[in-house]
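Please treat every number below as a calculation from the coordinates, not as lab data. Predicted model, so just to flag it, every value in this text is computed and none were measured. FYI the Cβ positions are ideal-geometry reconstructions off the backbone, even for glycines, and counts take in every protein chain you see.
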Amino acid sequence: MATVHVRFFARYAELTGTDTTAVTVPVNATVSDVLHYVRDIIPGATTLPPRPLAALNLRQVQLTATVRDGDEVAFLPPLAGG
Amino acid sequence: MTFLTAHPIALDALLAEVQGPDAGGTCVFLGTVRSGGEDDDIIAIEYSAYDAMADAELGRILADAHARWPAARVAVRHRVGRVPVSEASIAIVAAAAHRAEAFEACRDVIEAVKQRLPVWKKELRRDGTATWVDLSGEPVPARDS
């Protein structure tokens, strides 16, 4: 099993009611799997889009990216920098 | 090195990072908060960021710009927190021997910022309401408004 730290920002933090959580997922789980586990433990997470932007260890990734123990996954609202 | 600041951007200090005797052209881009017109009445934008990733991403954006425009020196700062109308939310400066490379490097960086930087903005209005700017669709009312 792998413990993954999960972060939410901006509007997604409001929707979930938190800006951080942790989930334990099977080895070789993907970012998409992490989102599935998050939806199970945080009621507000069910309102997140089905395929949000995601980052893994400070880089944008596809939802198919594999996570490892200790990784940080972030779910990102549409970017609005500048 | 952090590329994020909670304070007004000091343009002179930013220019000092890129200027030198070999620079024949320096391009400055300022992104500023605007009111949105009479119907919108925005007084400020609250910027929030995934700080660690935004810093890392800005470093990668500058590295990409250097790879593409090796003769240009580029520096950038992005505000976080409340930025009033007319103040700059981002400043990019690019210096090169010739103006064309300075302009192109500056444009590359702002376009990459728009596509890649994990920063979000909430428009604050005079009537006390606030709206997340969701570039994927319609503005979304913030929960605390």
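Computed values, structure above
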| read-out | value |
| --- | --- |
| Cβ-placed point charges (K, R +1; D, E -1), dipole of segment A:2-76 about Cα centre in debye, nearest 20 | 200 |
| For residue A:2, residues with placed amide H under 5 Å, excluding near neighbours | A:25, A:27 |
| Cα shape, chain A, gyration tensor, a/c 1.5 rule | oblate |
| Rounded to 10°, Cα long-axis angle of helix B:99-116 versus longest principal axis of chain B | 40 |
| Residues A:64, B:26, sorted so that the one with the fewest Cβ neighbours within 10 Å comes first | A:64, B:26 |
| Computed over segment B:1-106: relative contact order in percent, which uses C-alpha pairs under 8 Å that are six or more apart | 44 |
| For segment B:58-64, 3J(HN,Hα) per residue [Karplus equation, 6.51 cos²θ - 1.76 cosθ + 1.60, θ = phi - 60°, Hz, x = Gly/Pro] | 5, x, 5, 5, 5, 5, 5 |
| Global geometry of the protein assembly as shown, whether rounded, prolate or oblate, following the gyration tensor of its Cα atoms and the 1.5 cut on a/c | oblate |
| Degrees between helix A:31-41 axis and first principal axis of chain A (Cα, 0 to 90, nearest 10) | 80 |
| Nonlocal amide H pairs with residue A:61, under 5 Å, H built at 1.01 Å | A:54, A:55, A:56 |
| Per-residue HN-Hα couplings for segment A:45-58 [Karplus 6.51, -1.76, 1.60; θ = phi - 60°; Hz; x = Gly/Pro] | 5, 5, 8, 5, x, x, 9, x, 4, 9, 10, 10, 6, 6 |
| Cα-based shape type of segment B:6-115, given that a ≥ b ≥ c are square roots of the gyration tensor eigenvalues and the cut on a/c is 1.5 | prolate |
| Dipole of chain A [Lys/Arg +1, Asp/Glu -1 at C-beta], most positive-end residue of A:3, A:26, A:49 | A:49 |
